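The structure appears below as C-alpha cells.
The values are calculated or read from the model by the stated rules, or taken from the named source; none is laboratory data. The shown structure was predicted, so the numbers you read here are calculated from the model rather than taken from an experiment. In this analysis, Cβ positions are derived from the backbone assuming ideal geometry, glycine residues included, and neighbour counts consider all displayed protein chains.
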Amino acid sequence: MRVDEPGYDHGRYRRLLAEANDEQKRMALIRLLIEESAMDRLAADSAGQRTLNAGTPARRSGASFKS
C-alpha cells in the first residue's frame with residue numbers, strides 16, 4: 001500500500017509499529033497488514049470484475065441488437 005493512496009492511514013500504521021515492542025504485538029501487526037492487504041486486493045478484483053461485466057448482461061440473456 002502506498003502512502004498517497006486513499007484509505008492509507010500513515011499515522012495509524014506508525015503508531016501500531018511503535019507499539020509492537022514484543023513478539024505478540026509484532027505478530028498481530030503482521031496479521032493486520034496481511035488481512036488489510038488481502039481486503040484491498042479483493043476490493044480491487046471485485047471492482048475490476050464489475051467493470052468487465054458491465055456490458056455483459058445483454059449477452060448473457062441472449063438478447064440481440066440487430067437493426
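What to note about this one:
- Qualifying residues in the range 34-57 (those that are among the aliphatic types (A, V, I, L, M) and at pLDDT below 90) - the one farthest from the chain's Cα centre (by Cα): Ala54
- Any hit, the range 1-16, residues being part of a helix (DSSP H, G or I), at pLDDT below 90 and either among the aliphatic types (A, V, I, L, M) or at positive phi (or both): no
- Beta carbons closer than 9 Å, at least 6 apart along the sequence or on distinct chains, pair a first residue in the range 33-53 that is under 19 Å from Leu16 (Cα atoms) and assigned to a helix (DSSP H, G or I) with a second that is at pLDDT 85 or above and not charged (D, E, K, R) for Leu33/Tyr13; Leu33/Leu16.
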